[in-house]
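Data block below; observations after.
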Amino acid sequence: MVYSPATQAALFLVQSAFGLYAALVLLRLLFQAMDVDFRNPLSQFVYKATQPVLKPLRRVLPMRARVEPALVALLLLIKLLEVYALSGLRGYLPGVVGALLMALAQSLALLTLMLTSLLIVRAVASWVVSAGTGYNPMLQLLEQLTEPLLAPLRRIIPPMGGLDLSVLLALVAVQLANILLVQPLTRAAAVIMVQGL
């Protein structure tokens with residue numbers, strides 16, 4: 001379907017606003033799950049950007065584990081609102097089941113995209129940045145986010161001749177999860193949304 005320039009602009013703005021905030025919420029979720037240094041400047045920014053919305057949810061869903069239920073609920077709520085906002089701009093209203101499934105699928109897609117991006121940046125940074133150049137808070141944060149994924153893989157395939165294949169294995173695993181889990185869920189959610197369920 002072809003949309004007017006105004007509708008296209010509105011779709012872009014809605015996707016950008018919801019997508020950026022969802023990325024911040026997902027980063028905070030990953031920061032907590034991976035036990036990232038809270039004093040890092042990026043951690044502080046993510047904390048301050050998400051805290052006002054998260055605080056009321058914590059009263060209902062208190063933190064009990066490394067994966068905070070309030071953050072998961074907030075991420076799904078943001079994606080659900082995005083699904084309804086985009087659908088409204090396109091001229092239809094999906095059913096609750098389809099919208100919830102699409103919100104879940106989009107949250108998982110965002111997770112796979114973020115993990116892929118973090119792993120690629122980590123690989124490139126390891127080639128560019130030489131050891132012993134001093135403290136860099138962003139690189140330390142990147143290491144804290146990716147090391148829990150890479151360390152178990154290094155036990156399976158240790159570095160060979162200075163070449164660490166754990167990043168490549170992690171990228172393959174993330175893409176397989178995307179192909180086998182996220183894409184089928186997205187297709188199923190789209191079918192359910194079209195049926196109006």
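Under unit Cβ charges (Lys, Arg +1; Asp, Glu -1), what dipole magnitude, rounded to 20 debye, does region 33-108 have relative to its Cα centre? Spell out each step's value before the answer.
Numbers: 9 positive and 4 negative charges, 44 e Å.
Dipole magnitude for region 33-108 comes out near 220 debye.
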**Request:** Would you list the membrane-span-like helices of the chain, meaning whole DSSP H runs whose alpha-carbon atoms span at least 15 Å along their axis and whose mean Kyte-Doolittle value is at least 0.5?
**Result:** 5-33, 69-90, 96-128, 166-177, 183-195
**Prompt:** Contour minus end-to-end for MET160 and LEU61, with contour as 0.36 nm per residue of separation and end-to-end as the Cα-Cα distance?
**Reply:** 31.1 nm
**Complete:** Once the mean of 1/r over all distinct C-alpha pairs in region 132-197 is inverted, the Kirkwood radius in Å reads 14.8 Å
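State the percentage of accessible surface on region 65-197 attributable to carbon and sulfur atoms; use a 1.4 Å probe and exclude ligands, DNA and RNA. Intermediate results must be reported in sequence, preceding the final value.
Details: 5440 of 7320 Å².
So the carbon and sulfur contribution to the accessible surface is 74 percent.
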**Prompt:** Between region 33-84 and region 158-191, what is the C-alpha centre distance in whole Å?
**Reply:** 25 Å
**Estimated 222 nm signal from helices in the chain, with DSSP H stretches of n ≥ 4 weighted -39500 (n - 2.57), rounded to 500** = -26500 deg cm²/dmol
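Can you sort MET34, MET1 by 1.4 Å-probe accessible area, starting with the largest?
Values: MET34 40, MET1 180 Å².
My answer, sorted largest first, is MET1, MET34.
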**For region 1-131: rounded, prolate or oblate by the Cα gyration tensor [a/c cutoff 1.5]** = oblate
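Ignoring ligands, DNA and RNA, how do SER166, SER4 rank by accessible area with a 1.4 Å probe, largest first?
Working: SER166 0, SER4 55 Å².
Putting SER166, SER4 in descending order of accessible area: SER4, SER166.
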**Prompt:** Is the shape of region 45-197 best called rounded, prolate or oblate, per the rule: a/c under 1.5 gives rounded, else a/b larger than b/c gives prolate, else oblate, with a ≥ b ≥ c the square roots of the Cα gyration tensor eigenvalues?
**Reply:** prolate
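Give me the 1.4 Å probe accessible area per residue for the chain, excluding ligands and nucleic acids, in Å². Show your work: numbers first, answer last.
Values: 11320 Å² over 197 residues.
I get 57 Å² per residue for this part.
Quick check: net charge around VAL53, other residues with Cβ under 15 Å of its Cβ, Lys/Arg +1 and Asp/Glu -1? Provide the component values of the computation, followed by the final result.
On the way: positive: ARG28, LYS48, LYS55, ARG58, ARG59, LYS79; negative: GLU68, GLU82.
Value of the local net charge: +4.
The values are calculated or read from the model by the stated rules, or taken from the named source; none is laboratory data. Bear in mind that the values here come from a model prediction, so they are computed numbers and not experimental data. Backbone-built Cβ (ideal geometry, glycine too); neighbour counts: all protein chains shown. Surface areas here come from the heavy atoms of the whole protein model, side chains and all, with no ligands, DNA or RNA. Shrake-Rupley method; radii C 1.70, N 1.55, O 1.52, S 1.80 Å.
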